[in-house]
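**Q** Structure in structure tokens, see below.
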Amino acid sequence: MDIRLPGIDGVEALRRLRAERTTQWIPVMAMTASVMNEDRQKIVAAGFDGYQSKPINVTDFVEAVAQLLARPPRPPA
């Protein structure tokens, strides 16, 4: 999920996904052009399951997605 979305930021969108029983288990990787350490810490603290900076390296991205999908599902809250 892109962190900068029109009308809502990715952190808020993730919060809404995690609040819904039907979507809270879906792994979500943050994607952003920001590479500042404090931005990355904010993203991790928000509860994203992964992080990729732009521009995306396709090989790294595919590997990161494969790792997310290989994890056990997030237990219901």
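The values are calculated or read from the model by the stated rules, or taken from the named source; none is laboratory data. Remember, predicted model here, so these are calculated numbers, not experimental data. Note: ideal-geometry Cβ built from the backbone for every residue, glycine included; neighbour counts use all protein chains shown. When the accessible area is computed, the model is the full protein with side chains, heavy atoms only, and any ligands, DNA or RNA have been set aside. Shrake-Rupley method; radii C 1.70, N 1.55, O 1.52, S 1.80 Å.
**Q** Any residue in region 35-62 that is closer than 15 Å to residue 4 by Cα sitting within a Cβ distance under 8 Å of a residue that is surrounded by 12 or more Cβ atoms within 10 Å (Cβ to Cβ) and of a type in the set (D, E, K, R)? List the pairs, counting only those 6 or more apart or interchain.
**A** Going by the 8 Å Cβ cut-off, the qualifying pairs are 46/15; 51/40.
**Q** Could you list, in sequence order, the residues of region 1-39 that are basic (Lys, Arg) and in a strand (DSSP E or B)?
**A** Residues of region 1-39 that are basic (Lys, Arg), as a first pass: 4, 15-16, 18, 21.
Passing the criteria: only 4.
**Q** Right, something else. Within region 61-73, restricting attention to residues that are open to solvent by 90 Å² or more (accessible area, probe 1.4 Å) and either touching a Phe, Trp or Tyr at 6+ places or on another chain (Cβ under 7 Å) or within 25 Å of residue 9 (Cβ to Cβ) (or both), which residue is modelled with the lowest pLDDT?
**A** Out of the qualifying residues, it is 73.
**Q** Here is a further query. Considering 32, 23, which residue is touching a residue at least 24 places away in the same chain (Cβ under 8 Å) and among the hydroxyl-bearing types (Ser, Thr, Tyr)?
**A** 32
**Q** Look through region 12-38, keep the residues that are within 23 Å of residue 69 (Cβ to Cβ) and of a type in the set (S, T, N, Q), and return whichever of them is most open to solvent (accessible area, probe 1.4 Å).
**A** Here is the first cut: in region 12-38, the residues within 23 Å of residue 69 (Cβ to Cβ) are 13-32.
This time we only want the ones that are of a type in the set (S, T, N, Q), so: 22-24, 32.
Numbers: 22: 106, 23: 33, 24: 16, 32: 8 Å².
Going through the qualifying residues, I end up with 22.
**Q** So, in region 45-60, how many residues would count as being within 19 Å of residue 11 (Cα to Cα) and exposed (fewer than 12 other Cβ atoms within 10 Å of the Cβ)?
**A** 1
**Q** Now for a different question. Taking the options 9, 2, name whichever one is without any contact (Cβ under 8 Å) to a residue 40 or more places away in the chain and open to solvent by less than 60 Å² (accessible area, probe 1.4 Å).
**A** Answer to the check: 2.
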